[in-house]
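Structure first, commentary second.
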Amino acid sequence: MDGAHGVPGGRHRMRPHLRGRARPADRRLERAFVANVLDIGTAPKRRDILLYGAIFLVGAAFAWFSAFRVADLPFLGPWDFQWSWYLAATLFSFWYGRGLARTPADERPASWRTAVYFVGIGAIYFVLQTRFDYLAQHMFFLNRAQHVVMHHLGPFLIALAWPGPTLARGMPERLVRVASARSVRRILAVVQQPVLAGVLFVGLIVLWLIPSVHFRAMIDPRLYLFMNWTMVLDGILFWCLVLDPRPAPPATCSFAARMMTAVIVMFPQIAIGALIAFATSDVYSFYAWCGRIFPGIGALDDQQFGGLIVWIPAAMMSVVALLLIVNALRLNDERSERQEDGNDDDGTEGVVVSSASWTGGRP
């Protein structure tokens with residue numbers, strides 16, 4: 001994905017070779033990285049069959065218990081088992097672990113990046129595939145907490161881990177080729193433009209909070225699943241755009257655009273949360289219709305708590321994202337200065353960030 005924006009003025013002005021289109025040396029490095037990933041080789045087929053078979057058998061056991069013995073499952077067991085969530089969590093955890101094992105020691109992401117990746121995956125899985133999902137279907141404020149994790153916290157942590165190169169080393173070769181296809185990259189370049197990304201990020205929150213739409217999504221299992229998937233996928237795309245630690249190019253947009261995007265989406269969410277928190281009537285009748293799990297919390301209190309959850313975490317995470325973007329800008333500026341002083345002889349002195357540096361590995 002190409003971008004052509006510099007960061008104007010100030011101490012952190014980007015170097016001239018960072019403006020405009022990616023240089024041929026940048027493109028060669030990118031193609032070489034993909035080629036190296038595809039040439040790594042895969043684990044023995046028998047081992048793959050056993051591992052994927054084990055994942056399937058565990059999922060089948062969860063599905064059976066969820067369908068016939070759900071009351072016997074602990075709180076962390078799936079209330080309404082969904083194969084899509086289970087496979088997404090297990091496969092992307094497995095592929096990341098395998099990719100980590102295949103990554104050379106000097107290119108491995110920092111330990112904290114690996115940790116936040118698994119925490120992000122685990123947080124999304126927890127709110128969707130444990131008994132918490134049942135609670136979120138019976139209390140509005142818990143439903144809002146569930147969506148904050150799906151759309152904000154979980155995707156934020158996954159993006160902060162910047163797991164792409166590690167996942168590419170662990171994923172099947174065909175999936176790597178699909179993910180790196182030109183058509184896929186073009187689609188991502190469109191939906192990750194700052195303006196459209198911000199509109200989609202806030203627009204999906206608004207869409208699923210329209211009372212009539214929210215009611216229909218909560219009573220229709222297929223629409224409920226679709227709602228949750230749109231929130232998770234949009235959250236990952238948005239935070240990967242905002243928290244991209246690389247300069248532009250190869251990042252989609254400049255650090256300044258990322259800062260503005262992170263800040264601007266904060267205000268509509270604050271307004272939405274305030275409207276819900278200060279509502280004087282029962283706006284979301286679904287929870288009265290199905291019965292609140294905590295009868296001591298009335299409709300208005302439930303809505304007030306939910307509105308505050310929409311309001312406060314949005315502001316907090318935008319501020320945290322802003323601080324992380326500023327820090328990424330500082331690190332790239334310092335790295336650029338060091339590399340300019342190095343005067344490499346291979347013609348790649350203008351390449352500012354290597355795959356090792358922006359995944360947290362040691363340069």
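Annotations
- Checked against (1) assigned to a helix (DSSP H, G or I); (2) surrounded by fewer than 18 Cβ atoms within 10 Å (Cβ to Cβ), residue 165 passes all but condition (2).
- Output for the stretch 188-224, where each listed residue is free of Cβ contacts under 8 Å to residues at least 24 places away in the same chain, of a type outside the set (A, V, I, L, M, F, W, C) and surrounded by 14 or more Cβ atoms within 10 Å (Cβ to Cβ): 216, 224
- Matching residues, the stretch 115-133, being within 16 Å of residue 161 (Cα to Cα) and either modelled with pLDDT under 95 or not hydroxyl-bearing (Ser, Thr, Tyr) (or both): 115, 116, 118, 119, 120, 121, 122, 123, 124
- When residue 79 is tested against the conditions (1) assigned to a helix (DSSP H, G or I); (2) surrounded by 14 or more Cβ atoms within 10 Å (Cβ to Cβ), the lone failure is (1).
- Residue satisfying condition, being in a helix (DSSP H, G or I), surrounded by fewer than 17 Cβ atoms within 10 Å (Cβ to Cβ) and touching a residue at least 24 places away in the same chain (Cβ under 8 Å), within set 262, 288, 279, 274: 274
- Residue within the stretch 309-330 that is over 25 Å from the mean Cα position of the chain (by Cα) and surrounded by fewer than 18 Cβ atoms within 10 Å (Cβ to Cβ) present: no
- Of all residues making up the stretch 102-112, the number that are assigned to a helix (DSSP H, G or I) and either buried (at least 19 other Cβ atoms within 10 Å of the Cβ) or free of Cβ contacts under 8 Å to residues at least 40 places away in the same chain (or both): 2
- The sole residue among 227, 231 that is crowded, with 23+ Cβ neighbours inside 10 Å and either at pLDDT 95 or above or among the hydroxyl-bearing types (Ser, Thr, Tyr) (or both) is 231.
- Every pair of residues 6+ apart whose Cβ atoms lie under 6 Å, when the first sits in the stretch 234-250 and is assigned to a loop (DSSP other than H, G, I, E, B) while the second is surrounded by 20 or more Cβ atoms within 10 Å (Cβ to Cβ) and among the aromatic types (Phe, Trp, Tyr): 245/358; 246/358
- Residues within the stretch 123-141 that are in contact (Cβ under 8 Å) with a residue 40 or more places away in the chain, surrounded by fewer than 23 Cβ atoms within 10 Å (Cβ to Cβ), of a type in the set (A, V, I, L, M) and part of a helix (DSSP H, G or I), tallied: 1
- Any hit, the stretch 299-316, residues being of a type outside the set (Phe, Trp, Tyr) and within 18 Å of residue 197 (Cα to Cα): yes
The values are calculated or read from the model by the stated rules, or taken from the named source; none is laboratory data. Small disclaimer: the values here were computed from a predicted structure and weren't measured. Virtual Cβ from ideal backbone geometry, glycine too; neighbours counted across all protein chains shown.
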